[in-house]
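Laboratory data are not the source of any read-out in this text; all were calculated from the coordinates shown. Keep in mind that what you see is a predicted model, and the values were worked out from it rather than measured. Please note: Cβ atoms are built from the backbone with ideal geometry, for glycine as well, and neighbour counts cover all protein chains shown.
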Amino acid sequence: MRRKGLSFRQKKKVINASVMREIWNYIFITIAAVVLAYVIIFCVGMRTSVIGVSMEPVLYNGQEILVNRFVYRVMAPKVGDVVVFLPNGNANAHYYVKRVVAKPGDTVQIKNGALYVNDLLYKDVEYDKIEDAGIAENPITLETNEYFTLGDNINNSEDSRSGNIGAVSRDNIIGKVWFHMAAGDSPVGLME
């Protein structure tokens, strides 16, 4: 017979099997999400940094960016995309980061310090007066799978106006800039 009254004996806590299953499910889902995120970044994406001031004020020298390497396998680059490419496919060169201003079939020319695509003034990006037209002084008609790229900081950029770069082949485009990193290495946002 048990006595009623005060007891200083602690009851043993029993861990329910369903509670343990729930805890393991949360741990498994968390680990699976982290692994999936790393797989996506390493298989689809690529991390690199901007070299030079040619894309200021959007991207600056030394800034880390994430590149989507998969997107251009399913669709073509669009005018306005910020892309990463190797000039002339030179694997020993650093990655160039520039904005696509013209696509295959377009005719590009720089006249009186302004960019014209198909004889229309280019208005998608507000450029300063272009001091050096380079090879775009004369009309350039882009062939199949060729893109014309420019840096946003137009007068401090080595881009498709340069004879040693010229029109960029789609085969040499690595991917589209996906996120750019802020000073604390946290993603700032999707590039438009």
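Descriptive notes on the structure:
- Positive-end extreme of charge dipole, the range 1-137 - chosen from Q63, I15, Y127 (charges on Cβ): I15
- For the range 74-101 versus the range 155-179, the gap between their alpha-carbon centres in whole angstrom: 4 Å
- Rounded to whole Hz, the Karplus (6.51, -1.76, 1.60) HN-Hα couplings of the range 150-166, x for glycine and proline: 9, x, 5, 8, 3, 8, 10, 9, 9, 9, 5, 6, 6, x, 7, 10, x
- Highest average packing first - 15-27, 71-83, 160-172, 123-135, Cβ atoms within 10 Å: 160-172, 71-83, 123-135, 15-27
- Under 19 Å from K103, Cα to Cα: aspartates and glutamates that are on another chain or at least 8 residues apart: D81, D119, D124, E126, E137, E143, E146, D152, E158, D159, D171, E192
- Charging the Cβ of each Asp and Glu at -1 and of each Lys and Arg at +1, and nothing else, the dipole of the chain about its Cα centre rounds to 2780 debye.
- Annotation: amide H of A114 within the under-5 Å range of I130, sequence separation 5 or more or interchain, hydrogens built in the peptide plane.
- Label of the coordinate-derived value, Rg and Dmax of the Cα atoms in Å, listed as (i) 26.9, 107; (ii) 15.3, 46; (iii) 19.9, 70: (i)
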